[in-house]
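Everything below concerns the one structure shown next.
The values are calculated or read from the model by the stated rules, or taken from the named source; none is laboratory data. This is a predicted model, so every value here is computed, not measured. Here the Cβ is made from the backbone with ideal geometry for all residues, glycine too, and neighbour counts use every protein chain on show. Accessible surface areas use protein heavy atoms only, side chains included; no ligands, DNA or RNA. Shrake-Rupley method; radii C 1.70, N 1.55, O 1.52, S 1.80 Å.
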Amino acid sequence: MLKETRQDQLGTHLEWELDGVTARMLNWFWCNMEKCDNLWHPNQHIGLSWMIDPRENGPIGSIHRAPQKWNDGKLITPYIRLDDVAKVPPHVRRVLKYDHAIIAVGYDLEGKEETYNLETTRKEAYRVHQWQSCECGVVGMSSAIPLHEEGDQYEDSGLIWAAHAAEETGNWEVFLPQLYQLYRVITDPQICPYYSFELEGTGENAKYKYL
């Protein structure tokens, strides 16, 4: 359930709470997205695939290709890399207040998959999803943050993303508990990898506890 959408000097933020979803389910989700990308947003996601699979070297540095169409009707195909919390810019870490998080950055790699160089490829923005256990299940926040602290925090694109992300987070409550329970019978990590995104510390001092 979406609780609030707001913009501040750091970017655009969605505050949410999910009934029946656990922190462990969300940990599982981020490494098994190909199993449920269309369920995550049935009307706007077109089909996710891994460019660098988390089964190879873990989730940090993994890249997924995620074609999608937002509420403005524009088709985009971002390549999204999961980054190490401790290595992203300080202004991105400032939003971290819960005890689990992923930080992703989008790249425009369309047509360049075979020759890509992330050091020279244009980045789009940071996306931060964070969560922790609460009485009902989990409470969390999703944020769209400019690449640089002095970036334009009030672009219309932030609100367009927020409308898309609000439906994504709400859909976790609909499908994730059932899907997670179905896949629990599979213990092979090459089919169902699992990693914990639990943090030590908050804000600029945050780092992964296990990754």
message: Among the residues of the range 43-57, are any in contact with a helix residue (DSSP H, G or I) (Cβ under 7 Å, 6 or more places away or on another chain), buried (at least 20 other Cβ atoms within 10 Å of the Cβ) and under 19 Å from GLN132 (Cα atoms)?
response: no
- prompt: What tally of residues in the range 62-82 results from selecting those that are within 18 Å of ASP108 (Cβ to Cβ) and open to solvent by 20 Å² or more (accessible area, probe 1.4 Å)?
  reply: 11
- prompt: Do we have ASP108 as open to solvent by 50 Å² or more (accessible area, probe 1.4 Å), in contact with a helix residue (DSSP H, G or I) (Cβ under 8 Å, 6 or more places away or on another chain), among the charged types (D, E, K, R) and touching a residue at least 24 places away in the same chain (Cβ under 8 Å) here?
  reply: no
- prompt: Can you name every residue in the range 161-211 that is polar (S, T, N, Q), over 23 Å from PRO146 (Cβ atoms) and part of a helix (DSSP H, G or I)?
  reply: ASN171, GLN178, GLN181
query: What are the residues in the range 152-211 that are open to solvent by 90 Å² or more (accessible area, probe 1.4 Å) and of a type in the set (Val, Ile, Thr), if any?
result: VAL174, VAL185, THR187
- line: Taking the range 1-35 and keeping residues exposed (fewer than 15 other Cβ atoms within 10 Å of the Cβ) and more than 16 Å from the chain's Cα centre (by Cα) leaves MET1, LYS3, GLU4, ARG6, ASP8, GLN9, ASP19, GLY20
